[in-house]
1. So which aspartates and glutamates pass the test for K273, namely a Cα distance under 20 Å, with those fewer than 8 places away in the same chain ruled out?
2. Tell me the accessible surface of V160 in square angstrom (1.4 angstrom probe, heavy atoms of protein chains only), to the nearest ten.
3. Please identify the DSSP H helices in the chain that span no less than 30 Å along the helix axis (Cα) and have a mean Kyte-Doolittle hydropathy of -0.5 or more.
4. Would you please classify the overall shape of region 148-211 from the alpha carbon gyration tensor, given that a ≥ b ≥ c denote the square roots of the eigenvalues, rounded means a/c under 1.5, and beyond that prolate means a/b larger than b/c while oblate covers the rest?
5. Please return the longest stretch of the chain lacking exposed loop sites, where chymotrypsin sites (Phe, Trp or Tyr not before Pro) count only if DSSP places them in a loop and at most 15 other Cβ atoms lie within 10 Å.
6. Rounded to the nearest Å, what's the spacing between the alpha carbon centres of region 108-170 and region 248-312? Just the number, please.
7. Which loop GluC sites (Glu not before Pro) in region 144-212, with loop taken from DSSP, have no more than 16 other Cβ atoms within 10 angstrom of their Cβ?
8. Check cross-link reach from K308 to the aspartates and glutamates: straight Cα distance under 16 Å, and skip same-chain residues fewer than eight apart.
Amino acid sequence: MIFARSRRHPFSMTATPESTHKTRIEEMHVSGFLEKRFGGAISSLTFIEGGEGSQAFSFETGGKDLILRVNTESWSFGKDSYAHTHFSAGVPIPEIIEMGQLDEKYHYAISERAAGRRLDTLRPEEYRVVVPKLLRVLDAIHVADVSATSGYGQWDGKGVGEMGSWREYLKSVNRWAEPAHGPGLFETSFLERDVWEPAYAELLRLIPYCSEERALVHGDFGFDNAFSDGKDITAVIDWGSGKYGDPLYDAAWLCFWTQSPEFREFVKDHFAKKENKPPHFEERLRCCELYIALNSLSFYAYSNQRGKYERNKERLWELMQG
């Protein structure tokens, strides 16, 4: 049985305070908007915890269970809509029913509520059942047809990647720390050079091993962005970090954030034992984990989340020692 000896939930992360970067909007404001939008016929409005960006609410109207997400920006909603339209064959991606401007400050998106619960809330006996299926869904994401798209790295609401190569994208993690023009995060935040520079140097050392494979990558897979009914994966949400590039990035994401060593080994084995084992597997996985660590450090420094920064720094130290 998978993880039978582990007392740790594979999708659990160290408890952290609510994000200081998260969109915040009063429930009464949301209620007023929805009552006006649906003619007053809404019920069971409930705040949903989690996430670093959008604020989400569940509600019922017309016999449907729906999700409203609110953000000061709309680009991630456009990516969710693009993902459903172009990549939902074989991948359970909820449809965005409606997007628009909630008021002069906030954008919104409404989608059907996914069946089941987030993976990080499942009981141990449930996640043992669904983890192999989660990785099969990840395989389906990585073989999605991206031939009609272009570029590498983050793609926009039209499916266009921002970079000319995957290696260029990995190197670009440095752009917020030391931008080409003006002060960077070393000057404007608590980001530390002596933490950053050795890890970035190691990333650069590993980049020649990295593949220029161009697959669909979710970029924020599992944890609170996948749902299950206890038997199957029912939804993969939040494509705001969607990329084109090395599919091992998603494996690295799962490995980096989990607290369970057994789960990390299970994920690595899943990819390493494929019929066509990825060449330079360990180097590519490590390079992607370093990107994830550095990108997270810069985000937490930028958004003034010192506690999360310090915890992520500890994880980076473990990675550098491994």
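The values are calculated or read from the model by the stated rules, or taken from the named source; none is laboratory data. All values derive from a computational prediction rather than experimental measurement. Here Cβ is always computed from backbone atoms with ideal geometry, including for glycine, and neighbour counts include all displayed protein chains. The protein model used for the area step is the full one, side chains on, heavy atoms only, and it has no ligands, DNA or RNA in it. Shrake-Rupley method; radii C 1.70, N 1.55, O 1.52, S 1.80 Å.
1. Those aspartates and glutamates meeting the cut-off are D139, E213, D246, D250, E262, E265, E282, E283, E289.
2. Only protein atoms counted, so the area is about 70 Å².
3. Span-like helices, by this rule, are 281-302.
4. Oblate shape, in that a/c is at least 1.5 and b/c is the bigger or equal ratio.
5. Longest run free of exposed loop sites: 39-189.
6. 15
7. E192, E212
8. E18, E52, E192, E318
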